[in-house]
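The values are calculated or read from the model by the stated rules, or taken from the named source; none is laboratory data. Computed from a prediction, not measured in an experiment: that's the story for all the values here. So basically every Cβ, Gly included, is an ideal-geometry build from the backbone, and we count neighbours across all protein chains shown. Note: accessible area is taken over every heavy atom of the protein model, side chains too, but ligands, DNA and RNA are not part of it. Shrake-Rupley method; radii C 1.70, N 1.55, O 1.52, S 1.80 Å.
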Amino acid sequence: MIAIVDYDIGNLAAVANMFNRLGFASQITCDPTVIEEADRIVLPGNGAFDACMRNLRASNLIPLLEQRVLEARVPLLGICVGAQMLGQHSEEGSEPGLGWLDMQVLRLPDSSEFRVPHMGWNLVQAKDASHPMTATMTDDTRFYFVHSYYLAPADDRDVLLLAEYGIRFAAAVARENIIGVQFHPEKSHSFGKRLLNAFAKDC
């Protein structure tokens, strides 16, 4: 069962619907008992970094999530701001992140050619083709992005996917059982389905 963490932010139903279409049981929940028993955990995020971190702290779920993810090694997928929250800090705000990855979140550079936010479809390149999340990706794999800030891990080995928008940036990161994607797989049609299927089945 996949627990989609409900901390009163983001469009959680779209993520749940994708898993249900793929045949995987999922539940939008803030119930500690459900999260305790989950085989996979999804941490969504939408909007501003600080608001997401404040809401997650107010939910009192962080100690349980740390036990499940950092100690029990349950696979976790962070989506959009949920991926940014895995690092230590974001240039968007002042709240500290979860610090599960050695990673900062930086603002995309603005120019006449590349307006921020970056919105729309973009191709990605697998940096680690052996990872279960990238096994089915091809040269035309693309995802839907809506963001002004990007993932900047300290260790290049944590970069899973790359994309370009004015600069080359990490579209996804991964370290052991922790995965974060800057894009929205739940809005990325067949490409998103493949990625979520890999997370639910192979990670």
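Data overview
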item	result
Fully extended contour minus Cα-Cα distance, from V116 to L162, at 0.36 nm per residue	14.8 nm
Over the chain: helical MRE at 222 nm, DSSP H runs n ≥ 4 each giving -39500 (n - 2.57), nearest 500	-6500 deg cm²/dmol
Max mean-square fluctuation residue, GNM over the chain, Cα-Cα springs under 10 Å, options I179, I167, I28	I167
Rounded accessible area of T136 (nearest 10 Å², 1.4 Å probe)	80 Å²
Length gained when the stretch H189-A48 is fully extended (0.36 nm per residue, less Cα-Cα span)	48.3 nm
For the chain, built as a Gaussian network whose Cα springs stay under 10 Å, the top-fluctuating residue of S90, S111, S148	S111
Cα→Cβ-extended label distance, 7 Å offset, between N11 and R73, nm	3.6 nm
FRET efficiency, 1/(1 + (r/R0)^6) with R0 35 Å, evaluated for A58 and L22 via beta carbons	0.65
Cα-based shape type of segment 1-109, given that a ≥ b ≥ c are square roots of the gyration tensor eigenvalues and the cut on a/c is 1.5	prolate
Segment 64-203 - accessible surface per residue (Å², probe 1.4 Å)	43 Å²
Of all accessible heavy-atom area on segment 1-158, the percent that carbon and sulfur account for (1.4 Å)	47 percent
Cα shape, segment 100-155, gyration tensor, a/c 1.5 rule	oblate
Residue of G87, G99, G192 that the Gaussian network model of the chain assigns the largest fluctuation, springs spanning Cα pairs under 10 Å	G99
Pairwise label distance in nanometres, C30 with S148, each label 7 Å out on the Cα-Cβ vector	2.6 nm
Given (i) 0.94; (ii) 1.54; (iii) 1.07, the label whose value is Cα Rg over 2.2 N^0.38 Å derived from this model	(i)
